[in-house]
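As structure tokens, the structure follows; a few thoughts come after it.
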Amino acid sequence: MDLQHIDHVTIRGRPQDVDGLRDFYRNVLGLRPGPRPDFAFPGYWMYLGDTPVVHIAGSLPADGPAAPAGGPGSTGRFDHLSFRTKGLAAVRAKLEDQGITFQGTKVPGFDLYQLFFYDPAGVKVELTFDGAEAR
């Protein structure tokens, strides 16, 4: 087996949640919606360049809970998705401007810095920066 990279992450929500999730990944992370197969449920494929890295699937029951069992902020068995990025100060300002609560931390033993926050479906998002940006 010769794994190359993460292909995509799928986030499930109710049909009425997919537009808010699309807006979050577009407005906060700069991904763009693009071509998606004609599935039997609503959703979006959010692209980073030419690659659909976040698949949003409105496949949960419309009359069901907005988040999986486990309470607010729980992502069930899935913990988080991570993007490597640059521009820590600008990202912090953007998150604050949009009213998104986040936490930052240095990675022990590595020259990396991470920010964590949650999308509207309760999925934890990590942004990873070179440690020099946090100094």
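Structure data summary
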quantity	calculated
Cα-derived Rg to Rh of the range 9-134, Kirkwood definition	0.98
For I56, net neighbour charge (Lys/Arg +1, Asp/Glu -1) across residues whose Cβ lies under 12 Å away	+1
Residue-averaged 222 nm ellipticity for the chain, from DSSP H runs of 4+ at -39500 (n - 2.57), nearest 500	-4500 deg cm²/dmol
Residue order, fewest to most beta carbons within 10 Å, for V9, V125	V9, V125
Candidates I56, I100, I11, ranked by Gaussian network fluctuation over the chain, Cα under 10 Å, top entry	I100
Rounded to 10°, Cα long-axis angle of helix 18-27 versus longest principal axis of the chain	20
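No value in this document is a laboratory result; all are computed from the given coordinates. If you're wondering where the values come from, they're calculated on a predicted model, not measured in any experiment. In this analysis, Cβ positions are derived from the backbone assuming ideal geometry, glycine residues included, and neighbour counts consider all displayed protein chains.
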